[in-house]
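The values are calculated or read from the model by the stated rules, or taken from the named source; none is laboratory data. It should be emphasised that the depicted structure is a prediction, and the values quoted were computed from it without experimental measurement. Note that each Cβ is placed from the backbone with ideal geometry, even for glycine, and that neighbours are counted across all protein chains shown.
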Amino acid sequence: MNYDEKVNDYDRFAEKRHYNVTNGLMKSLRFVEKPMMLKMMPNIEGKRVLLLGCGTAEESELLKKFNPKSITGIDLSEKSIEVAKKAYPDLDFYVGDMHELPFDNNSFDFVYSSLVINYAKDKEVVFKEIRRVLDDDGEFLFSACHPMRFATQNCEVDGKRFHVIGFEAGSDGKVVLGNYMSHSKQINYFKDNQVLEEYIAPPSYFFQSLIHTDFLVENFNESQCIQECKDVDLEYYTRFHEIPQFMAFLAKKNR
Ligand SMILES: C[S@@+](CC[C@H](N)C(=O)[O-])C[C@H]1O[C@@H](n2cnc3c(N)ncnc32)[C@H](O)[C@@H]1O
């Protein structure tokens with residue numbers, strides 16, 4: 001397989017991703033991440049919502065059900081925003097970077113962000129931007145990659161591949177696999193040649209970054225694959241019912 005493609009190239013995958021998500025083909029979103037996020041949704045009725053890193057914006061359909069006043073999406077990928085505009089012409093979309101948002105202070109009541117914050121090396125810069133665009137009492141719900149899945153080390157045991165976090169048993173054991181506690185760059189290679197480079201960190205790192213940037217954490221969750229997945233893919237269910245793939249935080253702007 002050839003992995004010399006550009007990293008974090010969401011332009012190239014925008015149309016395919018839109019097709020896959022709308023047809024329920026992305027198990028990680030359908031059975032793990034979105035159910036976790038929906039469980040943590042605050043009341044957003046009549047509120048101005050920003051989808052940060054919306055990609056092709058399928059998640060806007062989920063949020064519409066909560067009757068917000070407006071939904072605005074922003075993403076770094078031009079092609080993703082082009083697809084989103086075509087699919088959801090009633091919403092506002094912008095191409096832009098989460099580190100420097102093109103919005104006035106206090107423009108939104110709720111910021112929703114699925115699996116985007118991991119692209120930021122300095123998470124506090126992004127949290128400060130989100131705090132700036134949030135109105136007083138505004139809330140911020142986001143998900144991130146869990147280190148139990150994304151800070152593991154690949155290794156082979158009896159010809160089978162494993163993702164491992166752990167250490168060699170015994171008083172003189174020297175081998176440590178994985179880096180749960182580091183805030184570190186991880187490169188993931190996917191079957192379709194998409195290469196993603198993200199900064200993975202443990203929950204404590206996120207809690208500390210939110211506290212430093214004047215947020216109050218209202219809720220926290222680690223993902224668990226939902227029962228419905230059992231009939232579709234038992235192996236996937238078994239794996240991600242026990243091992244958290246993602247985590248999510250609900251935070252409120254501290255005045
Ligand atoms: C895993 S996708 C998530 C898309 C969507 N939220 C979802 O759950 O289906 C990550 C998205 O983050 C966007 N992204 C990465 N870095 C970004 C940045 N600095 N500013 C804004 N968006 C960014 C990518 O273009 C991509 O669309």
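It is to be established whether one or more residues within segment 118-132 are exposed (fewer than 13 other Cβ atoms within 10 Å of the Cβ) and of a type in the set (Ser, Thr, Tyr).
No, that holds for no residue.
What is the number of the single condition among (1) touching a helix residue (DSSP H, G or I) at 6+ places or on another chain (Cβ under 8 Å); (2) surrounded by fewer than 16 Cβ atoms within 10 Å (Cβ to Cβ); (3) at pLDDT 95 or above that residue 43 does not meet?
(1)
I'd like to know if segment 147-158 contains one or more residues that are of a type in the set (Val, Ile, Thr), within 30 Å of residue 111 (Cβ to Cβ) and touching a residue at least 24 places away in the same chain (Cβ under 8 Å). Please lay out each step first, then the result.
As a first pass, look at segment 147-158 and keep what is of a type in the set (Val, Ile, Thr): 152, 157.
If we keep only those that are within 30 Å of residue 111 (Cβ to Cβ) as well, we get 152.
Checking the rest, the ones that are also touching a residue at least 24 places away in the same chain (Cβ under 8 Å) come to 152.
Scanning segment 147-158 turns up at least one residue that is of a type in the set (Val, Ile, Thr), within 30 Å of residue 111 (Cβ to Cβ) and touching a residue at least 24 places away in the same chain (Cβ under 8 Å).
Determine which single condition residue 124 fails, assuming it passes every other condition in (1) within 14 Å of the ligand (Cβ to nearest atom); (2) assigned to a helix (DSSP H, G or I).
(1)
From the list 186, 194, which one is closer than 23 Å to residue 144 by Cβ, in contact with a helix residue (DSSP H, G or I) (Cβ under 6 Å, 6 or more places away or on another chain) and surrounded by 12 or more Cβ atoms within 10 Å (Cβ to Cβ)? Quick ask: steps written out before the conclusion?
Details: 194 fails: in contact with a helix residue (DSSP H, G or I) (Cβ under 6 Å, 6 or more places away or on another chain).
It is 186.
All but one of (1) more than 14 Å from the ligand (Cβ to nearest atom); (2) in contact (Cβ under 8 Å) with a residue 12 or more places away in the chain; (3) surrounded by 12 or more Cβ atoms within 10 Å (Cβ to Cβ); (4) closer than 30 Å to residue 46 by Cβ hold for residue 144, so report the exception by its number.
The one condition residue 144 does not meet is (1).
Does residue 154 satisfy the condition of being assigned to a loop (DSSP other than H, G, I, E, B) and surrounded by fewer than 21 Cβ atoms within 10 Å (Cβ to Cβ)? Even if it seems obvious, please write down each step before you answer.
Numbers: assigned to a loop (DSSP other than H, G, I, E, B): no; surrounded by fewer than 21 Cβ atoms within 10 Å (Cβ to Cβ): yes.
No.
Just to check your reading of the model, which residue among 90, 109 is buried (at least 17 other Cβ atoms within 10 Å of the Cβ) and more than 12 Å from the ligand (Cβ to nearest atom)? Working first, answer last.
Details: 90 fails: buried (at least 17 other Cβ atoms within 10 Å of the Cβ).
From the options 90, 109, the qualifying one is 109.
Please count how many residues of segment 84-113 are assigned to a loop (DSSP other than H, G, I, E, B) and out of contact with any Gly (no Cβ under 7 Å at 6 or more places or on another chain). Before the answer, list the steps.
So in segment 84-113, the residues assigned to a loop (DSSP other than H, G, I, E, B) come out as 88-91, 96, 98-99, 101-107.
Keeping just the survivors that are out of contact with any Gly (no Cβ under 7 Å at 6 or more places or on another chain) gives 88-90, 96, 99, 101, 103-107.
Residues meeting the conditions: 11.
Tell me, which strands (runs of 3 or more DSSP E) wholly within segment 183-240 include 3 or more residues that are more than 16 Å from the ligand (Cβ to nearest atom) and at pLDDT 95 or above?
On the way: elements: 184-189, 195-200, 215-222.
Those strands (runs of 3 or more DSSP E) span 215-222.
Say we look at segment 40-80 and pick out the residues that are free of Cβ contacts under 8 Å to residues at least 40 places away in the same chain, within 10 Å of the ligand (Cβ to nearest atom) and in a strand (DSSP E or B); which of these is nearest to residue 116 (Cα to Cα)?
Here the answer is 74.
Return the pair list, or none, for Cβ contacts closer than 6 Å from residues in segment 92-114 that are more than 27 Å from residue 218 (Cα to Cα) and of a type in the set (Asp, Glu) to residues that are surrounded by fewer than 20 Cβ atoms within 10 Å (Cβ to Cβ) and at pLDDT below 95, at least 6 apart or on different chains.
Final answer for the pair search is none.
Results for (1) within 16 Å of residue 213 (Cα to Cα); (2) charged (D, E, K, R), shown as yes or no for each residue.
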site: 76; (1), (2): no, no
site: 82; (1), (2): no, yes
site: 96; (1), (2): no, no
site: 102; (1), (2): no, no
site: 128; (1), (2): yes, yes
site: 140; (1), (2): yes, no
